[in-house]
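To keep things clear, I will list the structure first and then write my remarks on it.
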Amino acid sequence: MQLGITGKTALVCASSKGLGKACALALAGEGVNVVIVARGEEALELTAQEIRNATEVTVTPVCADITTGRGIDLVMAACEAPDILVTNAGGPPTGNFRDWGREQWVAALDANMLSPIELVRHLVDGMCERQFGRIINITSAALKAPVDVLGLSNGARAGLTGFMAGLARTVAQHNVTINNLLPGPFETDRLQKTVAALAAQKNISLDSAMQLRRAANPSLRFGRPSEFGSLCAFLCSEQASYITGQNIVIDGGVYPGIF
Ligand code: NAP
């Protein structure tokens with residue numbers, strides 16, 4: 001299927017590794033020029049080179065912390081008018097809510113709610129004027145089936161989801177769509193960290209915890225980041241212009257509900 005987005009530009013946040021990188025790779029594979037962002041310069045440059053080697057698109061790496069005002073300014077200076085925005089940042093730490101004070105909550109809100117909203121504030125009106133825009137927020141399947149140790153994530157992402165749901169309906173008439181992708185367990189660095197926290201809680205080894213987690217998934221495996229990237233690219237396509245305001249779980253079938 002031709003996705004009809006060749007030559008467009010995507011800003012993909014938090015994309016030197018994991019799911020963000022997979023989205024950048026999938027979009028670049030469709031001929032989309034990509035601006036990729038991360039804090040660590042070495043991994044960012046390696047990813048930029050990997051995408052250049054695999055495609056013919058223009059890749060612009062921006063070394064920035066996307067959860068800060070300064071980071072957002074740097075990114076906006078490098079990419080003023082993208083057609084596609086993928087918001088993403090590292091997930092907050094796991095833990096017990098009794099240990100979290102205002103500082104931890106504000107950090108989680110900055111990363112997983114306020115920074116995506118700020119990016120959208122900068123970009124959505126230009127997308128409306130140009131009559132094309134695709135906004136994808138990477139959130140979490142834990143939004144639909146909250147996990148206690150992910151309380152910071154559950155709270156911040158619920159706020160983001162509520163905000164985006166309202167906004168999506170006001171921009172749809174301009175061919176600007178806003179959808180949230182809710183990953184279940186995918187083979188990334190982040191997964192290792194969250195499973196390690198569960199292993200510590202249950203006093204079992206990381207290997208055992210990983211095996212238990214795989215076995216608990218109806219697909220008996222973790223997701224491959226490329227599968228996530230492909231879904232992201234489709235939602236950014238011309239064909240997906242009638243899909244908006246949705247929360248799309250991609251988790252191998254773990255989430256048991258029918259809605
Ligand atoms: P990952 O493998 O740890 O990769 C995170 C990427 O984001 C890296 O490139 C990292 O680079 C970048 N990053 C982190 N904080 C950043 C910041 N402040 N500014 C700019 N870049 C930043 O994580 P992932 O598994 O892809 O997860 C992506 C998101 O999906 C997270 O919010 C995570 O909570 C959520 N999620 C993941 C899973 C899963 O199973 N993988 C499941 C549910 C939800 P630097 O560190 O160099 O900045």
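The values are calculated or read from the model by the stated rules, or taken from the named source; none is laboratory data. Note that the coordinates shown come from a computational prediction; the quantities given were computed from them, not determined experimentally. For neighbour counting, all protein chains shown are included, and Cβ atoms are generated from backbone atoms with ideal geometry for every residue, glycine included. Quick note on the areas: whole protein, heavy atoms, side chains included, nothing else; ligands and nucleic acids left out. Shrake-Rupley method; radii C 1.70, N 1.55, O 1.52, S 1.80 Å.
So that you can scan it fast, the table gives a plain yes or no per residue for (1) in a helix (DSSP H, G or I); (2) among the polar types (S, T, N, Q); (3) under 19 Å from residue 193 (Cβ atoms):
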| position | (1), (2), (3) |
| --- | --- |
| 62 | no, no, no |
| 92 | no, no, yes |
| 103 | yes, no, no |
| 118 | yes, no, no |
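Take residue 174 and tell me if it is in contact with a Cys (Cβ under 7 Å, 6 or more places away or on another chain), open to solvent by 20 Å² or more (accessible area, probe 1.4 Å) and away from the ligand (no atom under 12 Å from the Cβ).
So residue 174 fits the description; yes.
From the list 39, 52, which residue is within 17 Å of residue 190 (Cα to Cα) and of a type outside the set (Gly, Ala, Ser)?
Selected residue: 39, the only one of 39, 52 that is within 17 Å of residue 190 (Cα to Cα) and of a type outside the set (Gly, Ala, Ser).
Counting only residues that are open to solvent by 20 Å² or more (accessible area, probe 1.4 Å) and in a helix (DSSP H, G or I), which one in the range 70-82 is farthest from residue 125 (Cα to Cα)?
Top of the filtered list is 70.
Just to verify a result, which residue in the range 1-35, among those that are of a type in the set (S, T, N, Q) and either free of Cβ contacts under 8 Å to residues at least 60 places away in the same chain or away from the ligand (no atom under 13 Å from the Cβ) (or both), is least open to solvent (accessible area, probe 1.4 Å)?
Within the range 1-35, the match that is least open to solvent (accessible area, probe 1.4 Å) is 16.
Report every pair of residues separated by at least 6 positions or lying on different chains whose Cβ atoms are under 6 Å apart, first residue within the range 61-86 and closer than 21 Å to residue 26 by Cα and of a type in the set (D, E, K, R), second assigned to a loop (DSSP other than H, G, I, E, B) and away from the ligand (no atom under 13 Å from the Cβ).
Note: pairs meeting the criteria are 83/8; 83/132.
Restricting attention to the range 135-178, which residues are over 15 Å from the mean Cα position of the chain (by Cα), outside any loop (DSSP other than H, G, I, E, B), farther than 30 Å from residue 197 by Cβ and not basic (Lys, Arg)?
Result: 166, 167, 168, 170, 171, 172, 173, 174, 176, 177.
Taking helices (runs of 4 or more DSSP H) that fall entirely within the range 179-259, which contain at least 1 residues that are open to solvent by 20 Å² or more (accessible area, probe 1.4 Å) and at pLDDT below 95? First the steps, then the outcome.
On the way: elements: 189-202, 206-215, 225-235.
Answer list for the range 179-259: 189-202, 206-215.
Could you tell me which of the residues 67, 94, 87 is modelled with pLDDT under 95, closer than 25 Å to residue 149 by Cα and surrounded by 17 or more Cβ atoms within 10 Å (Cβ to Cβ)?
Details: 67 fails: modelled with pLDDT under 95; 87 fails: modelled with pLDDT under 95.
Unique residue meeting the criteria: 94.
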